[in-house]
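Have a look at the structure below, then the notes.
The values are calculated or read from the model by the stated rules, or taken from the named source; none is laboratory data. Quantities reported herein were computed from a predicted structural model and do not represent experimental measurements. So basically every Cβ, Gly included, is an ideal-geometry build from the backbone, and we count neighbours across all protein chains shown.
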Amino acid sequence: MARILAIDYGTKRTGVAVTDELQLIASGLTTVDTHKLMPFLKEYISNESVETVVIGEPTQKDGSASDVEGNIQNFIKGFEVIFPKIPLKRVNERYTSKMAFQTMIDSGLTKKQRKNKALVDEISATIILQEYLYNK
């Protein structure tokens, strides 16, 4: 089987998570500067078999699209041109950053470690991927 990759897209940084080859376990992979995301994906996908890419869908409390959604749509258009055979799925990512931060607290990370926003993004991508796997 191929892996499933998840993206927590942000305007500055993007968290990336991936499954094992059996698609059972979601693990944080890395955080990438968003302007380097497409080159990172090109390299990763050329070395690993990726079946599906899951992208978080941020929404406001009232259910409307978040401000970053326009950027995500532009990314999706570019992704579909470069990787036309890899399906994209969207998963609601509301509250994933708060859940990621709570995960960091529960894991016993220090205050200094919890200020690492890149780690929050990576954990958020992992939560998005877990949600996808759970509802798949």
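Do any strands (runs of 3 or more DSSP E) entirely within the stretch 25-136 hold 1 or more residues that are within 16 Å of Thr11 (Cβ to Cβ) and either modelled with pLDDT under 90 or acidic (Asp, Glu) (or both), and if so, which?
Hits in the stretch 25-136: 26-33, 50-57.
Out of Val32, Val81, Val54, report the one residue that is closer than 16 Å to Glu131 by Cα and either without any contact (Cβ under 8 Å) to a residue 24 or more places away in the chain or within 14 Å of the chain's Cα centre (by Cα) (or both).
Just one listed residue meets the conditions, Val54.
Please count how many residues of the stretch 13-28 are among the charged types (D, E, K, R) and over 13 Å from Glu122 (Cα atoms). Quick ask: steps written out before the conclusion?
The initial filter retains those residues of the stretch 13-28 that are among the charged types (D, E, K, R), namely 13, 20-21.
When the remaining residues are screened for being over 13 Å from Glu122 (Cα atoms), the result is 20-21.
The number of residues fulfilling the criteria is 2.
Working carefully through the options Thr103, Thr30, Thr96, Thr52, find the one that is surrounded by 20 or more Cβ atoms within 10 Å (Cβ to Cβ) and among the hydroxyl-bearing types (Ser, Thr, Tyr).
Thr96
From the list Glu21, Glu43, which residue is more than 17 Å from the chain's Cα centre (by Cα), acidic (Asp, Glu) and under 16 Å from Ile4 (Cα atoms)?
Glu21
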